[in-house]
Amino acid sequence: MHEKYIECDACPLNCKLSEMIPVGLCDVISIKNNELASVNNGAFEYGVHYIEELGFYHFYPGSTALYLLFPGCNLKCLFCPEWKIVMKKPTEVEGFTGIINPGELVSLAIENNVDGIVLSCSSIFNYKYLGALIQALVNKPLYLSMITNGVINTDYFADIMRKIDGFLIRFFGFSTKSYSKISIYPKGHLEAINTLIKLTKMGKHVEVSYTIITGINDSIDELNSFFASISRVSNDIPVHIKRFKPNYMMFDRTPTRNKALVDAYKLAKESGLRYVYVDDIFEGNEKNTYCPVDGSLLIRRVGNWIDFFLISNKKCPNCGLEIPLIGKLNRTLDKDLLKFKRN
């Protein structure tokens, strides 16, 4: 006699769940009473960060946010810096991270005077909790944004995604060869591009990042293929080049060198992308925002300090081009602490 199962279509892994295998590979979605359900009851880790630390440069620049780290992930990347939480089932981290309900979380954000809440990479699988969080945010002065690996069924989560203000999609290569070396799903790049297209069609603010891993996903052909694919969606999408840092099961590799990051930055600019950044440096031209028409410096970033040179309505002061920035601009620059001068 064959065991009955339910196929989960929350992501392309399409886990077949049953009484014998009650939880999917994401470790979050489970079968309960012969139905699928998100089992996370709110165990997570959180902290206050500048939005730029979390990877957003065009979304509420200079703002602060509560960053929520949920257990569970469907990619299981071998270099995940947050593996001690992400690679666990929700029940395995209870008692270590604490449990807080959505209403308490919103109150915590307001008490700490942050501007919004940012959800971690695979948090969308905790859709029951997110639904309650979205309800708790109604009429509250807080934005809600999400970091995602993009390996999801966008139709499955469409209702939730429509209620989130901004997204950062993380790429870890742009080939089945690269993804098969660092994750359990070799077609992750194709799913992530599909998610990018769907979110763009929804009218959502989207940024993307690409983590350079030397010897795995750093070939010129692979990088050019990635940049060309982003360009076909829109040249105005902010693209972040990120440094690989040894962690979890990939301590045998060295961190990505600055030259590799800058070389990738140059390739991206040559491809026609208008807003390209190297995130993991303290300061430099590759971290600033420049007008793509006349080259004027518009946003200078040094560490966590930000200064703006835009005029009203977020336009270039020289040519008047409107820059695709979402939300209020928050200048964090303290000229007494920094050594450079404003021009």
Go through the residues of segment 233-251 one by one and say whether even a single one is in a strand (DSSP E or B), closer than 19 Å to residue 325 by Cα and open to solvent by 40 Å² or more (accessible area, probe 1.4 Å). no
Looking across segment 93-132 at residues that are within 23 Å of residue 22 (Cβ to Cβ) and open to solvent by 40 Å² or more (accessible area, probe 1.4 Å), the single one that is farthest from the chain's Cα centre (by Cα) is 95
Answer yes or no: is there a residue in segment 193-214 that is modelled with pLDDT of 95 or more, more than 19 Å from the chain's Cα centre (by Cα) and surrounded by fewer than 21 Cβ atoms within 10 Å (Cβ to Cβ). yes
State yes or no: is residue 66 under 17 Å from residue 130 (Cβ atoms) and within 21 Å of the chain's Cα centre (by Cα)? yes
Restricting attention to segment 275-329, which residues are among the basic types (Lys, Arg) and either within 23 Å of the chain's Cα centre (by Cα) or exposed (fewer than 15 other Cβ atoms within 10 Å of the Cβ) (or both)? 287, 300, 301, 328
Only one residue in 81, 90, 61 is within 23 Å of the chain's Cα centre (by Cα) and surrounded by fewer than 14 Cβ atoms within 10 Å (Cβ to Cβ), so which one is that? 81
Just the residues that are open to solvent by less than 20 Å² (accessible area, probe 1.4 Å) and more than 22 Å from residue 14 (Cβ to Cβ), please, taken from segment 154-170. 164, 166, 167, 168
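Regarding residue 262, is this residue modelled with pLDDT of 95 or more, of a type outside the set (Lys, Arg), farther than 25 Å from residue 65 by Cβ and surrounded by 15 or more Cβ atoms within 10 Å (Cβ to Cβ)?
Yes, satisfied.
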For residues that are open to solvent by 40 Å² or more (accessible area, probe 1.4 Å) and outside any helix (DSSP H, G or I), scanning just segment 265-274, find the one that is nearest to residue 229 (Cα to Cα). 271
Taking the condition touching a residue at least 60 places away in the same chain (Cβ under 8 Å), out of contact with any strand residue (DSSP E or B) (no Cβ under 6 Å at 6 or more places or on another chain) and basic (Lys, Arg), does residue 128 pass? no
Go through (1) modelled with pLDDT of 95 or more; (2) open to solvent by 50 Å² or more (accessible area, probe 1.4 Å); (3) of a type in the set (A, V, I, L, M, F, W, C) and name the single condition residue 337 misses. (1)
Quick one: which strands (runs of 3 or more DSSP E) lie wholly within segment 1-87 and hold at least 2 residues that are of a type in the set (Ser, Thr, Tyr)? 45-50, 64-69
With the structure loaded, tell me whether residue 186 is open to solvent by 10 Å² or more (accessible area, probe 1.4 Å) and touching a helix residue (DSSP H, G or I) at 6+ places or on another chain (Cβ under 6 Å) or whether it fails that test. yes
Determine if segment 133-153 includes at least one residue that is of a type in the set (Val, Ile, Thr), in a loop (DSSP other than H, G, I, E, B), surrounded by 16 or more Cβ atoms within 10 Å (Cβ to Cβ) and out of contact with any strand residue (DSSP E or B) (no Cβ under 9 Å at 6 or more places or on another chain). yes
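The values are calculated or read from the model by the stated rules, or taken from the named source; none is laboratory data. Source: prediction; values computed, not measured. A quick note on method: Cβ atoms are made from the backbone with ideal geometry, for glycine too, and the neighbour counts reach across all protein chains shown. Ligands, DNA and RNA are excluded from the accessible area calculation, which covers all protein heavy atoms including side chains. Shrake-Rupley method; radii C 1.70, N 1.55, O 1.52, S 1.80 Å.
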